[in-house]
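The values are calculated or read from the model by the stated rules, or taken from the named source; none is laboratory data. Note that this is a predicted model, so its numbers are computed, not measured. Ideal geometry is used to build each Cβ from the backbone, glycine not excepted, and the neighbour counts take in all protein chains shown.
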Amino acid sequence: MNKIPLTIKGLSYSERQTGAYALILAEENGARKLPIVIGGFEAQAIAIALEKMVSPPRPLTHDLFKDFANIFDIKLEEIIIYKIKDGVFYANLLCKKDGKDEVIDARPSDAVALAIRFECPIYTTEEVLQSAGLILQEEGEEKPTSTPTPSVKASKKEDSPSAKKGENPLKTASMKKLNALLEKAVKDEDYELAARIRDEIDRRES
């Protein structure tokens, strides 16, 4: 398996889906980004771990997992987001205990929350990036020299597709319109919307 290292770019709040966030993972040596829509509690667990100055008075679930693992000498070696199917991402925890490797199934949001706490690498595969990755820079564009600070920010609303309650405008949009919306969402760094458009395009092409 060809593993591609990822870094955490940040969390983007969804103004269209109550309580949802987009976790943005960036290809370490490339321009592709991998947005994964997660829930509010999962986003909070990741944000607290990123903001190392924040220390909850009692251990949260992922902190308890880490304490448990440390006491019983279980080491989290790495996590890998290895598959996407029907818009759902799948991840594994690669652990080591007494010299023996163990693989544990996990949601990507939990896996990332643990990876931050254990300070272990995050990987994905070329297949996942080809299927769900977004390229944010055109060829020939100069890459930014500064590394973006992970943060929780509101998604932009300008020119986003709107609909009445219960309607999904993406389902009725043409492929040409979807590709135009995807390009604009990427430029606006509205990753949650980009992920939804990408899923709709993938659904039609499958």
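Hey, does segment 88-102 have a residue that's closer than 17 Å to R196 by Cα, in contact with a strand residue (DSSP E or B) (Cβ under 6 Å, 6 or more places away or on another chain) and without any contact (Cβ under 8 Å) to a residue 60 or more places away in the chain?
So the first thing to find is which residues in segment 88-102 are closer than 17 Å to R196 by Cα, and the list is 88-89.
Now narrow it down to the ones that are in contact with a strand residue (DSSP E or B) (Cβ under 6 Å, 6 or more places away or on another chain): 89.
Within this subset, residues satisfying the condition of being without any contact (Cβ under 8 Å) to a residue 60 or more places away in the chain are 89.
Yes, there is a match, as at least one residue in segment 88-102 is closer than 17 Å to R196 by Cα, in contact with a strand residue (DSSP E or B) (Cβ under 6 Å, 6 or more places away or on another chain) and without any contact (Cβ under 8 Å) to a residue 60 or more places away in the chain.
Hey, does segment 87-95 have a residue that's of a type in the set (F, W, Y), in contact with a helix residue (DSSP H, G or I) (Cβ under 8 Å, 6 or more places away or on another chain) and closer than 30 Å to E183 by Cα?
First, the residues of segment 87-95 that are of a type in the set (F, W, Y): 89-90.
From the residues that got through so far, the ones that are in contact with a helix residue (DSSP H, G or I) (Cβ under 8 Å, 6 or more places away or on another chain) too are 89-90.
Now drop any that are not closer than 30 Å to E183 by Cα, which leaves 89-90.
Yes: segment 87-95 contains one or more residues that are of a type in the set (F, W, Y), in contact with a helix residue (DSSP H, G or I) (Cβ under 8 Å, 6 or more places away or on another chain) and closer than 30 Å to E183 by Cα.
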Next on the checklist: Going residue by residue through segment 184-204, is there one that turns out to be exposed (fewer than 12 other Cβ atoms within 10 Å of the Cβ), at pLDDT below 70 and in contact with a helix residue (DSSP H, G or I) (Cβ under 9 Å, 6 or more places away or on another chain)?
Outcome noted: no
**Prompt:** What about S12, is it modelled with pLDDT under 90 and either buried (at least 19 other Cβ atoms within 10 Å of the Cβ) or closer than 21 Å to R196 by Cα (or both)?
**Reply:** yes
Taking segment 98-116 and keeping only residues that are in a strand (DSSP E or B) and either surrounded by 17 or more Cβ atoms within 10 Å (Cβ to Cβ) or not charged (D, E, K, R) (or both), one is left with V103, I104, A106
Taking first residues from segment 15-26 that are modelled with pLDDT of 75 or more and second residues anywhere that are surrounded by 20 or more Cβ atoms within 10 Å (Cβ to Cβ) and among the acidic types (D, E), the pairs with Cβ under 6 Å that are 6 or more apart or on different chains are A22/E192
